[in-house]
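J.: I'd like to ask you about the structure that follows.
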Amino acid sequence: MLLVDIGCRLLLLMMMMMMLMMMVHVHVYVLMIMMMMMMMMMMMMMMMMMMMMMMMMMMMMMMMMMMMMMMMMMMMMMMMMMMMMMMMMMMMMMMMMMMMMMMMMMMMMMMMMMMMMMMMMMMMMMMTDDGDDDDG
């Protein structure tokens, strides 16, 4: 009877130990699985964050490029406008110079005409006879 009692006790103890070991094992497995899940989640989060950062960087780069392009376009437009203005100013100056030259030419022509008229008048006056013959 004593031996049977000890055997039963031993068997119970072994069963308890096995159960405990199993429980511990299950716990360890669960812990491991949970840890793995957590690691996977962390990795996914990190990947997502990296992707987001990359996307943000790309967007920023694109925006910067767009801004640079816009600035370049604006600069080109300004340069073109300046060139056009310069050309217009040059044209205006040329026109003014031409007008002045024309005016000068007209004035010269008028002066020449006046001189010619004066000379003609003088010649006519010299040629006309005033009636007194006291010079011959």
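Every number in this text was worked out from the coordinates using simple rules, so none of it is lab data. All values reported here derive from a predicted model rather than from experimental measurement. Cβ placement follows ideal geometry from the backbone for every residue including glycine, while neighbour counts extend to all protein chains displayed.
J.: For Met114 and Leu3 in the same chain, what is the full-extension length gain: residue separation times 0.36 nm, less their Cα-Cα distance, in nm? Walk me through the intermediate numbers first.
T.: On the way: separation 111, 0.36 × 111 = 39.96 nm, distance 16.17 nm.
The Met114-Leu3 span can extend by a further 23.8 nm.
J.: What does a probe at Met123 reach in segment 78-113, counting residues whose amide N is under 18 Å from the point 7 Å along Cα→Cβ?
T.: The answer is 111-113.
J.: As I understand it, the value is the acute angle between the Cα axis of helix 2-127 and the longest principal axis of the Cα atoms of the chain; what does it come to in degrees, rounded to 10?
T.: 0 degrees
J.: On a full-extension model of 0.36 nm per residue, what is the gain between Met54 and Met66, subtracting their alpha-carbon distance, rounded to one decimal in nm? It would help to have the intermediate numbers written out before the result.
T.: Working: separation 12, 0.36 × 12 = 4.32 nm, distance 1.80 nm.
My answer for the length gained is 2.5 nm.
J.: Further question: Just the number: Rg to Rh for the chain, Cα atoms, Kirkwood Rh, two decimals.
T.: Numbers: Rg = 57.6 Å, Rh = 28.0 Å.
Expressed as Rg/Rh, it is 2.06.
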